[in-house]
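Q: Quick one: structure below, then a few questions.
The values are calculated or read from the model by the stated rules, or taken from the named source; none is laboratory data. Predicted model only: the values in this text are computed from it and were never measured. Note that we place each Cβ from the backbone using ideal geometry, even for glycine, and neighbour counts take in every protein chain shown. Heads up: the accessible areas ignore ligands, DNA and RNA and are worked out on the full protein's heavy atoms, side chains in. Shrake-Rupley method; radii C 1.70, N 1.55, O 1.52, S 1.80 Å.
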Amino acid sequence: MYRGRSIGVVIPAYNVERSIRKVIEGIPPWVDRVIVVDDASRDNTFREAETFPATNLVVLRHDVNQGVGGATMTGFQRALDEGVKIAVKMDADGQMDPAQLPALLDAVTIQGYDYAKGNRFLHSAELSSMPRYRLFGNFVLTFLTKLTSGYWNVFDPQNGYLAIRREPLSRLSFGRIAKRYFFENDLLIHLNILNYRVKDVPIPALYGDEVSHLKVSHVLWSFPAYLFRRFWYRIYQKYVLRDFSPIAVFLLLGLLFFFWGTGFGLYTWWRSATTGEIATTGTVMLSVLPFLIGFELLLQGVILDIQATPR
């Protein structure tokens, strides 16, 4: 128990036979349930976890690899079944310091937030030890996730060290949340739709000789398209379906005007360049005015969305 609440720590594990026992060993003794989910590892991860001597340990196994999100949600569901009041996700590679667990839990138990997550970018000393490709990928993903999720007050969206109360966890539709690398980002999107409060907690990461399975090239090419689709999914769910808001109107009309102005402007420029004919003032205005109106509508929609951030 922690401050009168039962705690369950979920550890998704994939090919981490060298670190899993050390991670389990580091979990504070007041944690009520430790749930390790072996995501169809090809090494001895399952055996290393299963043979660890702990009475509060549960080890589950996937027959087919489902990704970090899939393994985490399997663990979350078991935590709900066990009746825990707060579920924590901690990775199995040893990068998340168990000593920082109270900081996450205090944000939920004392400060009253529904969801708390780590933020590595608030520690300048530890930040210098982060590999540069991870820094670059996180900066790109942070801006895109702010726009997509609607949580403009959070940073480091890929940080998987998190704690969530039972009530919001039980309301999430696990089947609609991404199962692989996009899991943490998609979780924020669904929490925003339900208007839950999210807190960033300064927590440094521990980097060792572990191998990252996240490819920056994959992130830069696949995530923006996915985030674009999830952005409109959130806008529809939050500002149309659940509570109609002018934010949806501003964003939709703004996008139409913006792309019309841009497209017609490019066409006019191409036609003038190929034919040598100078476009008339009226023709130019047919591209400039929609472009400016669209930009203003998009900007206003984003500003209103920022103001609507659950705090």
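Q: Relative contact order, percent, of region 9-100 when contacts are C-alpha pairs under 8 Å separated by at least 6 residues?
A: Details: 159 pairs, mean separation 38.8, N = 92.
That works out to 42 percent.
Q: Residues with amide H under 5 Å of residue 37's amide H, sequence separation 5 or more or different chain, H placed in the peptide plane at 1.01 Å from N; which?
A: For residue 37, whose amide H was placed from the backbone, the distant partners under 5 Å are 11, 13, 60.
Q: Now for a different question. So how do 17, 50 rank on accessible area, 1.4 Å probe, biggest first, that is with the largest at the start?
A: Working: 17 75, 50 110 Å².
Putting 17, 50 in descending order of accessible area: 50, 17.
Q: Something else about it: Let me have the 222 nm mean residue ellipticity of the chain computed from DSSP H runs of 4+ only, each contributing -39500 (n - 2.57), with the sum over all residues rounded to the nearest 500. Spell out each step's value before the answer.
A: Numbers: 11 runs with 155 residues, N = 311.
After summing the helix terms and dividing by the residues of the chain, the value is -16000 deg cm²/dmol.
Q: Could you work out which residue, out of 57, 253, 169, moves most in a Gaussian network model of the chain, that is, has the largest mean-square fluctuation with Cα springs under 10 Å?
A: Maximum among the listed residues: 253.
Q: When the Karplus curve 6.51 cos²θ - 1.76 cosθ + 1.60 is applied with θ = phi - 60°, which whole-Hz ³J(HN,Hα) does each residue of region 271-279 get, with x for Gly and Pro?
A: 5, 5, 5, 8, 9, x, 8, 7, 5
Q: Next question. For residue 199, give me every one of the lysines with a C-alpha distance below 19 angstrom, ignoring sequence neighbours fewer than eight places off in its own chain.
A: Excluding near neighbours in sequence, the set is 85, 89, 117, 146.
Q: Give, in nm to one decimal, the length gained when the segment between residue 81 and residue 240 is fully stretched (0.36 nm per residue of separation minus the Cα-Cα distance). Intermediate results must be reported in sequence, preceding the final value.
A: Details: separation 159, 0.36 × 159 = 57.24 nm, distance 3.30 nm.
Difference between extended and current length: 53.9 nm.
Q: Related question: What residue among 289, 299, 187 shows peak mean-square fluctuation when the chain is described by a Gaussian network model with Cα springs under 10 Å?
A: Result for the chain, Cα springs under 10 Å: 289 fluctuates most.
Q: Sort 303, 193 by accessible area with a 1.4 Å probe, largest first. Walk me through the numbers before you get to the answer.
A: Details: 303 65, 193 10 Å².
Output order, biggest surface exposure first: 303, 193.
Q: Related question: Can you give me the relative contact order of the chain as a percent, contacts being Cα pairs under 8 Å and 6 or more apart?
A: This gives 17 percent for the chain.
Q: Oh, and also: Can you tell me how much longer the chain between residue 280 and residue 25 gets when fully stretched, taken as 0.36 nm per residue apart minus their C-alpha distance, in nm with one decimal?
A: Numbers: separation 255, 0.36 × 255 = 91.80 nm, distance 7.44 nm.
That pair, residue 280 and residue 25, stretches by 84.4 nm at full extension.
Q: Report, to the nearest 10°, how far helix 67-82 tilts away from the longest principal axis of the Cα atoms in the chain, using its own Cα long axis and a range of 0 to 90°.
A: 60 degrees
Q: Calculate the tail of P(r) for the chain: the fraction of all Cα-Cα distances greater than 26 Å, expressed in %. It would help to have the intermediate numbers written out before the result.
A: Numbers: 24909 of 48205 pairs.
Here the tail beyond 26 Å accounts for 52 percent of pairs.
Q: So, taking all protein chains as they sit and a 1.4 Å probe, how much accessible area belongs to residue 284, in Å² rounded to tens?
A: 60 Å²
Q: Hey, another quick one. Roughly how many percent of the accessible protein surface of the chain is carbon and sulfur, given a 1.4 Å probe and a whole-percent answer? Walk me through the intermediate numbers first.
A: Working: 9170 of 15280 Å².
So the carbon and sulfur contribution to the accessible surface is 60 percent.
Q: Give me the angle, in degrees from 0 to 90, between the Cα long axis of helix 216-236 and the longest principal axis of the Cα atoms of the chain, rounded to the nearest 10.
A: For helix 216-236, the angle is close to 80 degrees.
Q: Can you list the HN-Hα couplings for region 32-44, worked out from phi with the Karplus curve (6.51, -1.76, 1.60; θ = phi - 60°), rounded to whole Hz and with x for Gly and Pro?
A: So the J values, rounded to whole Hz, are 6, 9, 10, 10, 9, 10, 6, 8, 6, 5, 9, 10, 9.
Q: Accessible area per residue for region 226-308 in Å², computed with a 1.4 Å probe and the full protein assembly in place, what is it?
A: Working: 5330 Å² over 83 residues.
Each residue of region 226-308 exposes 64 Å² on average to a 1.4 Å probe.
Q: Right, here's the next one. Check which residues have an amide H placed less than 5 Å from residue 17's amide H, if you skip close sequence neighbours.
A: HN-HN under 5 Å from residue 17: 44, 45.
Q: While we're on this one: Express the accessible area of region 1-101 per residue in Å², computed with a 1.4 Å probe while the remaining protein chains stay in the model. All intermediate terms of the calculation are to be shown ahead of the outcome.
A: Details: 4480 Å² over 101 residues.
Per-residue accessible area for region 1-101 comes out at 44 Å².
Q: With springs only between Cα atoms under 10 Å, which of 122, 188, 292 fluctuates most in a Gaussian network model of the chain?
A: With Cα springs under 10 Å in the chain, the top fluctuation among 122, 188, 292 is at 292.
Q: Collect residues whose amide H, placed 1.01 Å from N in the peptide plane, falls under 5 Å from the amide H of residue 203; neighbours closer than 5 in sequence don't count.
A: Excluding prolines and chain starts, which carry no amide H, the hits are 119, 120, 122.
Q: How big is the accessible area of residue 51 in square angstrom, nearest 10, if you roll a 1.4 angstrom probe over the protein chains?
A: The accessible area of residue 51 comes to roughly 70 Å².
Q: May I ask you to rank 25, 82 by accessible area, largest first, using a 1.4 Å probe over the protein chains only? Before the final figure, lay out each step's value.
A: Details: 25 130, 82 70 Å².
Putting 25, 82 in descending order of accessible area: 25, 82.
Q: State whether region 1-43 is rounded, prolate or oblate according to the following rule on the C-alpha gyration tensor (a ≥ b ≥ c being the square roots of its eigenvalues): a/c under 1.5 gives rounded; otherwise a/b larger than b/c gives prolate, and the remaining case gives oblate.
A: Working: a/c = 5.25, a/b = 2.18, b/c = 2.41.
Oblate, since a/c reaches 1.5 and b/c is not below a/b.
Q: A follow-up question, please. First measure r as the distance between the Cβ atoms of residue 111 and residue 174, then evaluate 1/(1 + (r/R0)^6) with R0 = 25 Å and state the FRET efficiency to the nearest 0.05.
A: Numbers: r = 26 Å, r/R0 = 1.05.
Step by step, r from the Cβ atoms, then E = 0.45.
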